Each structure stands twice: as structure tokens, then as C-alpha cells.
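Comments concern the structure below.
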Amino acid sequence: MTTVADTGSTSVHTTVADDFHAWSRVISESFVPLKAYTDRPATFHGQLRSRVLGQISVVEVIAARHTVARTPELIAKTDRKYFKLSIQLAGTGLLSQDNREATLGPGDLAIYDTNRPYTLSFDGDFRTLVLMFPHSLIDLPVEAVGWLTAVRMPGDVGLGGLISPFMVRLADNLEALSGSNGLRLAHNAVDLVTTLFNGELDLKIDAGRSPHELMLARIHDYIEAQLGDPDLTPTTIASAHFISTRHLHDLFQEIGTTVSASIRQRRLERCRRDLHDPVLADRPVTAIAARWGFTDAAHFSRVFRAAYGQSPSGYRNAA
């Protein structure tokens, strides 16, 4: 196995493996712990090219026929929860998770959750791009994204036809993902993916999702649109959707959270992203907090520290 190390902020880390056991170690270290299998170990070859931008990993995988599995035993050994988005660039992949299967051809996209078992199989030589990011970076409830795991999202129609080419260009230009611009592009990619998921969820609702799920989707979109309004409350949300506050609380209880906690978490994540953005380095912490609905600086500092283990200023300085 030959490894070309990352020698600076503008370089891409490249690992080449001709030994399948070495490859198994490499993919577990680059993503999350995985079990790997192949029926052709003697002729195996593989290459990873990767960039890590903040909390987002962008990894191009070029390899021969094999299968990877995320097992319950491996999941139990870590508390880190990520989503992985695969964009098939060449060859064919088969993704299985949550009792669904998606066959992916060039240009197709699919999402999977590292906190639940999955398998991903390739029946020949292939090339794929993987975008891996924590659950917290996506502005959708984890439960909602769970409706889309192992669902093929075609890259030649609808929103997929707009987003897939952007992701392909990322794979072809990993060297350009450096510094503040690279970080912003990575976050832009996650935002585009979120838009794609919203579109897919809307399609599922139109195809027969319950009115209950439709209401949750509308409420989610409303909260996102009003996130910077300090007067956003359960009462205003319920009123905008012509439901009682009690019914609103019941809807959020069913997905394991509360209205206020959901709003706070989304606001905090937006603040954390802005604090990490070099382009906004001169913007006062209080201005960033106010942009996302936190009008009390002391309260913002307390809830930020409780969520992330350090003050907003400390987080910014450590970034």
C-alpha cells in the first residue's frame, strides 16, 4: 500500500491500496468502522482521495468489486452519528438500509445513516463521491431523513438533475476545496442536499404520505423560513397553521423532541456555522446570535456552552 500524505491545507490526501486487508483499515479510518468483503482479494485495487473541511468529509473512492457493511456491533462502539451521501460516478452500486434497496448508476445519489446497519455493494470497478457530515449539520429532523435512506435519487431529472452535476464537479476538483472558500463550498453542498431531500419528501407526501406527515413538513419549512425571528414561538407556529398549540406539541413529541428544543437546536447550529466561517470573522458574536433569533447575549452564551462545551468566542477562536 502506498500513501501520499496531506502536506498542507491546499493538498488532497490520497491513499492507494493493492491489498484488501489494508483497504479495509483505510476505509474504516476514513469514514466510520466498517466490515469489508470481496471474492477477488488477489486482484483488488483501490484509491481514496479526500478532503476534510470542518465537520464535512469529501471523499472520492475508486476501487474494484467489493462490499462494505455497517453492523450493529460496530455501531455500538461509537456515539458519533453521521449521514453519508453517495454520488455514483462510474460503475454500479447497491445500497441497502431500513428494508430498502437502491441500485445506483452514474449520476445517481442516495443517503444512508451510519447510526443504523447498512450494506453497500459494487459488482465491478467503480468510482463514487461520498459526502459525510454529522446529523446536526442538516436542517431536517433525523426521522424525516430516515424516510429517504436507500432511496435512489436520479441525477438526470428534477432537483437531482441540478444538484448531481455540482457534486460531480466537486469530485473532479477536490484540489480547489481549500481555505474559507472550500469550507463554504462544502456547506453549500450540504445545503443543496437538504434542498434535494426536501423535494424528495414532498414527492413522497404527494404520493400518499399522511396528512399528519404533510403538516410536519409544512411546519418544518415554516420554522426554517422564520428562524431568525426572535418572536418565533409555539403559539405563532400553531396560529400560522390553524392548529392548537397542544396539537403542535403532540406532533413534535411523536418525533422525540419539543418545539422549543427543535428551534433552539437549529438556531445554535446556524450560529455555530457562522462562527466557523472565516468570511464572518469580523462580525461580532452578538450580531451572529441576533441574526438567528438570540436577542439575549448572556442566554445565548449559556445555551451555546451547554450544547458545544465552550463559549461562542472560545469556539470561534479554536476553529
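The values are calculated or read from the model by the stated rules, or taken from the named source; none is laboratory data. All of these numbers come straight from a predicted model, not from anything done at the bench. Counting neighbours? That spans all protein chains shown, and the Cβs are built from the backbone with ideal geometry, glycine included. We work out accessible area using only protein heavy atoms, side chains counted, and drop any ligands, DNA or RNA first. Shrake-Rupley method; radii C 1.70, N 1.55, O 1.52, S 1.80 Å.
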**Request:** Output ³J(HN,Hα) for segment 156-170: one whole-Hz value per residue in order, computed from phi by the Karplus curve 6.51 cos²θ - 1.76 cosθ + 1.60 with θ = phi - 60°, and x for Gly and Pro.
**Result:** 10, 9, x, 5, x, x, 8, 8, 4, x, 4, 5, 4, 5, 4
**Asked** What accessible area per residue, rounded to a whole number of Å², is obtained for segment 82-154 using a probe radius of 1.4 Å?
**Response** 30
**Viscosity 1.002 mPa s, temperature 20 °C, Stokes-Einstein D of segment 54-152 from Kirkwood C-alpha radius, µm²/s** = 157
**Asked** Let a ≥ b ≥ c be the square roots of the eigenvalues of the Cα gyration tensor of segment 221-319; is it rounded (a/c under 1.5), or, if not, prolate (a/b larger than b/c) or oblate?
**Response** prolate
**Request:** With an 8 Å cut-off on Cα pairs and a minimum separation of 6 or more residues, tell me the relative contact order of segment 197-319 in percent.
**Result:** 21
**Item:** Share of pairwise Cα separations in the chain, more than 26 Å, in percent
**Value:** 51
**Prompt:** Per the Kirkwood treatment, what hydrodynamic radius in Å, one decimal, follows for segment 101-254 from the mean inverse distance over all distinct Cα pairs?
**Reply:** 17.6
**Request:** Tally up the carbon and sulfur contribution to the accessible surface of segment 219-319 as a whole percent, 1.4 Å probe, everything protein left in place.
**Result:** 50
**Asked** Each label point is 7 Å from the Cα along the Cα-to-Cβ direction; what then is the distance between the points at HIS241 and HIS45, in nm?
**Response** 5.4
**Request:** Give, in whole angstrom and from largest to smallest, the semi-axes √(5λ) of the equivalent ellipsoid of segment 269-313, with λ running over the eigenvalues of the Cα gyration tensor.
**Result:** 15, 12, 8
**Request:** Please report, in whole Å, how far the alpha carbons of segment 17-105 spread along each principal axis, starting with the longest.
**Result:** 35, 29, 27
**Fill in**
P(r) of segment 127-197 over all Cα-Cα pairs, 5 Å bins starting at 0, rounded to whole percent, reads 3, 14, 25, 26, 19, 9, 3
**Request:** Measure off, as a whole percent, the carbon and sulfur share of the 1.4 Å-probe accessible area of segment 24-142, all protein chains present.
**Result:** 51
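Given only helices, namely DSSP H runs of n ≥ 4 each adding -39500 (n - 2.57), what is the per-residue ellipticity at 222 nm of the chain, to the nearest 500 deg cm²/dmol?
Estimated from H runs of four or more residues: -13500 deg cm²/dmol.
Can you give me the accessible area per residue for segment 183-264, using a 1.4 Å probe, in Å²?
Value returned for segment 183-264: 50 Å² of accessible area per residue.
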**Message:** What are the ³J(HN,Hα) couplings of segment 34-45, residue after residue, when phi is run through the Karplus curve with 6.51, -1.76, 1.60 and θ = phi - 60°? Round to Hz, x for glycine and proline.
**Reply:** 9, 9, 10, 9, 8, 9, 9, x, 5, 10, 6, 8
**Fill in**
Any residue on another chain or 5+ positions along whose placed amide H is under 5 Å from the amide H of VAL151 is listed here as ILE111
**Item:** Relative frequency of Cα-Cα separations exceeding 21 Å in segment 207-273, percent
**Value:** 21
